[in-house]
Amino acid sequence: MARTIVAVATPPGVSGVAVIRISGPDAAEVFRRLAGKVPRPRAATLVTIIDPLDGTPLDQGLALWFPAPASFTGEDCAELQVHGGRAVVAAVLAAILTVDGLRPAEPGEFTRRAFESGKLDLAAIEGLGDLLHAETEAQRRQAFALYQGRLTDETDRLAQQLLPVLALVEATIDFPDEGDVTDAALAEARGQALTVRDRITGLLADAGRAERVRDGVVVAIAGLPNAGKSTLLNAIARRDVAIVSPVAGTTRDALEVQLDLGGLPVVLVDTAGIRETMDPVEAEGVRRARRRVSEADLVLWLAPTIESVTERPEGAWVIQSQADRGATPMEEARHRISASTGLGLSALLEDVRAFASTMLGGEPAVVVHERHRLIMIAAKVALDAALRHPDWPAAAELVAEDLRAALAALGRSRGRVGTEAMLDQLFSAFCIGK
């Protein structure tokens, strides 16, 4: 039998309330020893928490009881909500650990127990992990959809569409002389398999959008030296991220700032001024700048004067910088800005937000993680193999094997097939109290 585990589920430090979680067969005993009773299930109860060794009162707080199996982990679970001072939390936690059979929880162990008891599948756990790290509204929406079963629902639906196809094909193998499976029925089944394959192709095509939601739309600030790139980065970040100097070539490496633009994740990258140089260190900075520009989703090419516009990469937005210095407005410029005075910055950021919205908008993606992508690729490869046989009756055994492989791949979305090493890596990224 698994031992009972305990952990503080709220961040360390001073707070109004701290939550201590307990899960396992001895959870009820914690309440008996520290609160004198087990509260009614799922009802917050005010209790005085005492030290079971000498009866000293430690704090007053709320106790919640979730008997198995109706709990997050599927085990008996208890929660104590105590005052969030460090000394209070430490004293209550130490008192809990005096109860026989208890030990501190490992990172992610509560969630792992929920997985092992069938309360959550692996896709939902991945969504929960993303929720814990979500910093923008778009990331929250995508993570919550995964946690709520978006991937699992989709793979279950695709599997349900493939099961009757496999049944028909296997019927031609098991009952070749019955004549119950007509050519028309097999043709319809083949069409259904094709529909599933095309759906998977579409889901894979949308995977890049999910990656951008998770990692952010990359916007590179580029231009010739002294175009105001670092000044713009600092102005948007509202702090001194980059060194600003009139000396050309000051920026040697790319600097990144994570932005939340109207709920959308954007990574702003300041790059070295692009020019020919004999300085080997600066030359390496220029090489890296060119690479980051080529990889960016959007390039803002800062050009104080018309002469510097011709160097811009194809597709880059021309941004006339240092507009407060009286330069003639350029027709090529999408925006005129001054990072020093703030002129035009709001309009520029709104335009960038609209660009990010175009890339990230719509319903949350289904294929979010690399594991999901590999599952869909495996299913598609198997269906491609099945559909390569033009005469399904003649190749029924091969087709059936390919369809079974596709179904097995889709079934892996729940995570019931995997290795302990993979599970250890996943849960280790969770916090102690989760």
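Any read-out appearing in this document is the output of simple, stated calculations on the displayed coordinates, not a laboratory observation. Keep in mind that what you see is a predicted model, and the values were worked out from it rather than measured. Ideal geometry is used to build each Cβ from the backbone, glycine not excepted, and the neighbour counts take in all protein chains shown.
Percent relative contact order of the chain, based on C-alpha pairs within less than 8 angstrom and at least six residues apart? Don't skip to the end; give the middle numbers.
Numbers: 780 pairs, mean separation 73.7, N = 434.
Averaging sequence separation for qualifying contacts and normalising by length gives 17 percent for the chain.
Charges only on Cβ, +1 for Lys and Arg, -1 for Asp and Glu: so what's the dipole of the range 125-220 about the Cα centre, in debye to the nearest 20?
Details: 10 positive and 18 negative charges, 141 e Å.
Roughly 680 debye, rounded to the nearest 20.
5 Å is the cut-off here: which amide hydrogens, built 1.01 Å from N in the peptide plane, fall below it relative to Ala303, excluding neighbours closer than 5 in sequence?
Ile319, Gln320, Ser321
Can you give me the relative contact order of the range 101-173 as a percent, contacts being Cα pairs under 8 Å and 6 or more apart?
Numbers: 36 pairs, mean separation 16.6, N = 73.
For the range 101-173, the relative contact order is 23 percent.
Would you mind counting up the charge near Pro164? Only other residues with Cβ under 11 Å from its Cβ, with Lys and Arg at +1 and Asp and Glu at -1.
Numbers: positive: none; negative: Glu170, Glu188.
Taking every other residue near Pro164 into account, the sum is -2.
For the chain, what proportion of DSSP beta bridges, expressed in % and rounded to the nearest 5, is antiparallel? Please report the intermediate quantities before stating the final value.
Details: 31 of 50 bridges.
Taking every DSSP beta bridge with both residues in the chain, the antiparallel ones total about 60 percent.
To the nearest 20 Debye, how big is the dipole of the range 1-150 about its Cα centre, given +1 on the beta carbon of each Lys and Arg and -1 on that of each Asp and Glu? The partial results should precede the final answer.
Details: 15 positive and 17 negative charges, 61 e Å.
Result for the range 1-150 is approximately 300 debye, rounded to the nearest 20.
Relative contact order, percent, of the range 46-155 when contacts are C-alpha pairs under 8 Å separated by at least 6 residues?
Working: 129 pairs, mean separation 19.6, N = 110.
It comes to 18 percent, rounded to a whole number.
Which length gain, in nm to one decimal place, applies between Glu350 and Asp206 when the Cα-Cα distance is subtracted from 0.36 nm times their residue separation?
Values: separation 144, 0.36 × 144 = 51.84 nm, distance 2.46 nm.
My answer for the length gained is 49.4 nm.
Restricting everything to alpha-carbon atoms, can you work out Rg to Rh for the chain with a Kirkwood hydrodynamic radius? Write out the running numbers ahead of the final one.
Details: Rg = 29.4 Å, Rh = 26.4 Å.
With Rh from the inverse mean 1/r over Cα pairs, Rg/Rh is 1.11.
Go ahead and collect, in residue order, the members of the range 1-35 whose backbone nitrogen is under 12 Å from a label point 7 Å along the Cα-Cβ direction of Arg103.
Answer for this model: 1-6.
Let me make sure I get this right: for the range 97-205, a, b and c are the square roots of the gyration tensor eigenvalues over alpha carbons, sorted descending. Under 1.5 in a/c it's rounded, otherwise prolate if a/b > b/c, else oblate. Which is it?
Working: a/c = 6.25, a/b = 2.06, b/c = 3.03.
Note, shape of the range 97-205 comes out oblate.
Please give every one of the aspartates and glutamates within straight-line cross-link reach of Lys37, meaning a C-alpha to C-alpha distance under 13 Å, and leave out same-chain neighbours fewer than 8 residues apart.
By straight Cα distance, Lys37 reaches Glu29.
So if R0 is 25 Å, what FRET efficiency would Arg404 and Gln148 give, r being the distance between their Cβ atoms, rounded to the nearest 0.05? Write out the running numbers ahead of the final one.
Details: r = 29 Å, r/R0 = 1.16.
That pair, Arg404 with Gln148, gives E of 0.30.
On full extension of the chain, what length is gained from Ala167 through Arg141, given 0.36 nm per residue of separation minus the C-alpha to C-alpha distance?
Details: separation 26, 0.36 × 26 = 9.36 nm, distance 3.75 nm.
Taking Ala167 through Arg141 to full extension adds about 5.6 nm, to one decimal.
So, counting K/R as plus one and D/E as minus one, what does the shell of residues with Cβ under 9 Å around Ile221 add up to? The partial results should precede the final answer.
Numbers: positive: Lys229; negative: Asp270.
Spelling it out: positives minus negatives among the neighbours equals 0.
How large is the dipole of the range 102-169 about the Cα centre if only Lys and Arg carry +1 and Asp and Glu carry -1, each at its Cβ, rounded to the nearest 20 debye?
Numbers: 8 positive and 11 negative charges, 31 e Å.
It works out to roughly 160 debye.
With a sphere of radius 10 Å drawn around the Cβ of Ala91, what net charge do the other residues whose Cβ falls strictly inside it have (Lys, Arg +1; Asp, Glu -1)? Present the calculation step by step, with values, prior to reporting the outcome.
Working: positive: Arg86; negative: Asp51, Asp59.
Taking every Cβ under 10 Å from that of Ala91, the sum is -1.
Would the range 179-233 count as rounded, prolate or oblate if I go by the C-alpha gyration tensor, calling it rounded below 1.5 in a/c and otherwise prolate when a/b exceeds b/c, oblate otherwise? Please report the intermediate quantities before stating the final value.
Numbers: a/c = 13.22, a/b = 5.67, b/c = 2.33.
Prolate is the answer for the range 179-233, as a/c is 1.5 or above and a/b outweighs b/c.
Quick query: amide H of Ser15 versus all other amide H atoms, modeled in the peptide plane; which residues come in under 5 Å with a sequence gap of 5 or more or a different chain?
Gly84, Gly85
Filter the trypsin sites (Lys or Arg not before Pro) in the range 32-132 to those in DSSP coil with at most 16 other Cβ atoms within 10 Å of their Cβ, and list the result. Walk me through the numbers before you get to the answer.
Working: sites: Arg32, Arg33, Lys37, Arg42, Arg86, Arg112, Arg113, Lys119; in loops: Lys37, Arg42, Lys119.
Of the trypsin sites (Lys or Arg not before Pro), the ones in loops of the range 32-132 whose Cβ has at most 16 other Cβ atoms within 10 Å are Lys37, Arg42.
What nm value, rounded to one decimal, do you get for the distance between Ser357 and Asp260 when each label is placed 7 Å out toward the C-beta?
1.8
Alpha carbon centre of the range 9-44 versus the range 72-131: separation in Å?
Using only Cα atoms, the two centres lie 10 Å from each other.
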